[in-house]
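Trainee: Please find one structure pasted underneath; my questions will follow.
Rule-based calculations on the coordinates, nothing more; no lab input. Not measured: the values here are computed from a predicted model. Please note: Cβ atoms are built from the backbone with ideal geometry, for glycine as well, and neighbour counts cover all protein chains shown.
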4 protein chains.
Amino acid sequence: MTLRLDIAPEIRARAWLNTPQPLTLAALRGRVVALHAFQMLCPGCVSHGIPQAVAIQRSFAAADVCVIGLHSVFEHHDVMGESALRAFVHEYRLTFPIAIDEPAAEAAVPLTMQAYGLQGTPSLVLIDRSGRVRLNHFGRIEDLQLGALIGRLLVEPA
Amino acid sequence: MTLRLDIAPEIRARAWLNTPQPLTLAALRGRVVALHAFQMLCPGCVSHGIPQAVAIQRSFAAADVCVIGLHSVFEHHDVMGESALRAFVHEYRLTFPIAIDEPAAEAAVPLTMQAYGLQGTPSLVLIDRSGRVRLNHFGRIEDLQLGALIGRLLVEPA
Amino acid sequence: MTLRLDIAPEIRARAWLNTPQPLTLAALRGRVVALHAFQMLCPGCVSHGIPQAVAIQRSFAAADVCVIGLHSVFEHHDVMGESALRAFVHEYRLTFPIAIDEPAAEAAVPLTMQAYGLQGTPSLVLIDRSGRVRLNHFGRIEDLQLGALIGRLLVEPA
Amino acid sequence: MTLRLDIAPEIRARAWLNTPQPLTLAALRGRVVALHAFQMLCPGCVSHGIPQAVAIQRSFAAADVCVIGLHSVFEHHDVMGESALRAFVHEYRLTFPIAIDEPAAEAAVPLTMQAYGLQGTPSLVLIDRSGRVRLNHFGRIEDLQLGALIGRLLVEPA
């Protein structure tokens with residue numbers, strides 16, 4: 001778990017699912033953002049990361065905490081494209097907005113993943129009401145600890 | 001889940017386990033207190049409540065959050081006495097301080113349980129750094145929600 | 001897991017719960033018997049052993065497999081007596097017959113536990129339709145493996 | 001759960017993974033076969049069916065029980081092709097042989113799935129040592145019950 005106080009880089013998305021129009025972090029100032037980076041064929045994402053993102057969505061009011069999925073493909077690119085992701089999202093009944101991380105021209109790791117320095121999937125980034133990165137965590141994090149951090153961010157002034 | 005802003009009534013204990021001397025809420029001002037009411041023969045306490053209390057103890061620094069067990073026996077009194085509780089605590093390897101709720105002279109429900117108006121076991125009471133009751137919850141509460149409330153309390157001034 | 005082909009020793013019980021009259025293994029010839037030894041204050045019994053005994057009871061017809069609990073107290077004797085066990089059985093809603101293992105005159109380990117050479121609790125003993133011990137297992141055993149053994153015993157002639 | 005005593009239809013596979021050469025049920029006579037039909041983007045397969053197939057593989061000797069995966073795609077065909085499946089099998093570290101069910105010329109449901117009359121995924125088919133279908137189950141089945149059926153089949157003569 002790394003605490004960083006930088007302003008969160010904007011999400012660079014090739015496309016968005018589950019939202020009529022693209023989201024920007026700038027427009028979400030005033031809300032806490034939980035950015036969940038995953039790959040649809042990553043076992044730890046499917047068993048823990050995605051269910052935790054769904055639990056955040058269910059546990060907090062949308063006006064307080066905005067859950068955003070980030071499909072950051074850095075391996076098996078040919079079989080985790082947009083059509084595959086749409087089938088996955090349909091089957092797993094995910095309803096939060098999901099950005100498809102913009103592929104890099106000459107690297108395996110896509111652009112938003114690079115900008116945040118994510119170490120892999122699943123990763124969870126928490127962004128405070130002022131737009132700063134407050135958690136950048138690779139792997140599993142317990143609900144109690146995660147909840148405590150979200151709770152702290154919710155009482156801070158925007 | 002009920003939010004109440006009263007000052008938390010003092011714990012009335014017949015005896016204490018896992019502490020060299022009795023605790024008082026008064027002396028714990030400045031820390032968040034998680035008071036977990038249970039009965040050793042209550043299945044929901046054993047499967048969910050007690051493991052959650054242990055998780056709180058493990059997830060937060062003792063200087064921030066103080067976990068206290070409250071053995072509030074309101075049924076099967078003859079088989080949940082102090083000796084039985086000591087065997088239970090030994091077998092389940094519980095290490096947080098536990099108060100044996102003071103039995104009432106002429107009622108099944110013991111005195112601290114009465115004072116807090118607990119509806120049954122397991123119940124979880126959260127007390128803020130100023131000594132006020134902020135959660136009084138009967139039954140199961142999800143870790144994310146509980147964590148969020150603890151997180152809020154931790155950033156409030158004492 | 002130990003396979004033994006001895007005739008199962010009779011259960012020596014001080015008392016029985018959940019049955020109008022004492023059971024004998026002799027009278028159960030023709031059925032497979034799953035004898036689950038436990039202590040009410042044994043954490044592994046409560047979390048794994050007892051739920052597995054309940055699952056056996058639910059998964060097989062009573063005419064095929066008879067589940068019997070055996071309360072074999074070898075520690076904390078003073079707080080796991082008959083009244084305590086009755087409260088436990090009531091709270092955990094156990095409905096299979098349970099024998100209270102006959103205490104030994106001068107040893108901690110009760111008589112049936114001695115006769116079977118049980119190493120501790122939870123233990124599971126499987127007795128075939130001819131009354132022979134086919135499994136004597138201390139600790140946890142996976143459902144798939146346990147089911148396979150029960151399945152084998154069910155197709156053997158009595 | 002349907003019990004049928006037909007000879008199991010041969011597996012019709014477009015390709016095989018995790019085996020140097022195609023398997024045939026004919027060549028597996030004498031062993032019990034657990035044929036697990038799944039789709040890589042089916043949530044129930046990923047959370048329950050595939051882990052149960054892995055548990056069968058782990059719990060029984062390969063000489064006794066042969067676990068075979070059957071990738072029976074009947075929806076989202078374009079994103080569950082062979083390359084995608086290979087990535088999935090790699091990420092989930094599956095090591096049992098897997099047949100890619102032969103697509104039908106003019107129907108969504110592939111040929112082996114049709115021949116067995118499977119109702120969906122996950123499905124589990126158990127084939128006895130004589131090559132007859134003994135279980136054809138759609139959805140979840142408990143380990144205890146499944147183990148019992150495998151145990152019965154293992155003691156039948158081939």
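Trainee: Helix B:50-59 sits at what angle to the longest principal axis of chain B, using alpha carbons and giving 0 to 90 degrees rounded to 10?
Mentor: 40
Trainee: Could you work out how far helix D:82-91 tilts from the main Cα principal axis of chain D, as a 0 to 90 degree angle to the nearest 10?
Mentor: So the helix axis and the longest Cα principal axis differ by about 60 degrees.
Trainee: What ranking do D:14, C:58, C:129 get, fewest neighbouring Cβ atoms within 10 angstrom at the top?
Mentor: Numbers: D:14 14, C:58 11, C:129 18.
Going from sparsest to densest Cβ surroundings: C:58, D:14, C:129.
Trainee: Share of antiparallel DSSP beta bridges in the protein assembly as shown, in percent to the nearest 5? Present the calculation step by step, with values, prior to reporting the outcome.
Mentor: Numbers: 64 of 104 bridges.
DSSP beta bridges in the protein assembly as shown are roughly 60 percent antiparallel.
Trainee: Percent antiparallel among DSSP beta bridges with both residues in chain B, to the nearest 5? Numbers along the way, then the final one.
Mentor: Details: 16 of 26 bridges.
The answer is about 60 percent antiparallel.
Trainee: Here's another thing I want to ask about it. If region D:37-106 were replaced by its equivalent ellipsoid, with semi-axes equal to the square roots of 5 times the Cα gyration tensor eigenvalues, what would those be, largest first, whole Å? Numbers along the way, then the final one.
Mentor: Values: eigenvalues 100, 34, 23 Å².
Calculated on Cα positions only, the semi-axes equal 22, 13, 11 Å.
Trainee: Next question. Let me see the P(r) profile for the protein assembly as shown: every Cα-Cα distance counted, bins of 20 Å, each bin given as a percent of all pairs.
Mentor: 17, 37, 38, 8, 0
Trainee: A follow-up question, please. Hey, what's the per residue convex hull volume over the C-alpha atoms of region C:114-158, in cubic angstrom? It would help to have the intermediate numbers written out before the result.
Mentor: Numbers: hull volume 2.5 nm³, N = 45.
Considering the Cα atoms of region C:114-158, their hull volume per residue is 55 Å³.
Trainee: If you add up the charges near residue A:102, with Lys and Arg at +1 and Asp and Glu at -1, over every other residue whose beta carbon is less than 10 angstrom from its beta carbon, what do you get? Mind dumping the intermediate values first?
Mentor: Details: positive: A:12, A:14; negative: A:101.
Charge balance near residue A:102 sits at +1.
Trainee: On a 0 to 90° scale, report how tilted helix A:143-155 is relative to the longest principal axis of chain A, with both axes built from alpha carbons and the result rounded to the nearest 10.
Mentor: Rounded to the nearest ten degrees, it is 60.
Trainee: Could you pull out every Cys in the protein assembly as shown that lacks a partner Cys with its beta carbon under 4.7 Å away?
Mentor: A:66, B:66, C:66, D:66
Trainee: Something else: Jot down the radius of gyration and Dmax of region C:1-88, Cα atoms only, both in angstrom.
Mentor: Using the Cα atoms of region C:1-88, the pair Rg, Dmax is 13.8, 38 Å.
Trainee: Report the local net charge at residue A:81: Lys and Arg +1, Asp and Glu -1, summed over other residues whose C-beta lies under 15 Å from its C-beta.
Mentor: Numbers: positive: A:14, A:86; negative: A:75, A:78, A:82, A:101, A:102, D:78.
Here the charged neighbours net out to -4.
Trainee: While we're here: Taking the Cα centre of the protein assembly as shown as origin, work out the dipole magnitude from +1 charges on Lys and Arg Cβ and -1 charges on Asp and Glu Cβ, in debye rounded to 20.
Mentor: Dipole of the protein assembly as shown, to the nearest 20 debye: 0 debye.
Trainee: Please report the spacing between the Cα centers of region B:75-99 and region D:133-155 in Å, no decimals.
Mentor: If you average the Cα positions of each part, the centres end up 42 Å apart.
Trainee: Add +1 for every Lys or Arg and -1 for every Asp or Glu among the other residues with Cβ under 12 Å from the Cβ of residue C:63, and state the total. Please list the in-between numbers first.
Mentor: Values: positive: C:31, C:129; negative: C:64.
Local charge sum for residue C:63: +1.
Trainee: Taking the convex hull of the Cα atoms, report for chain B its projected area averaged over all directions, in nm².
Mentor: Details: hull surface 34.0 nm².
Mean projected area for chain B: 8.5 nm², to one decimal.
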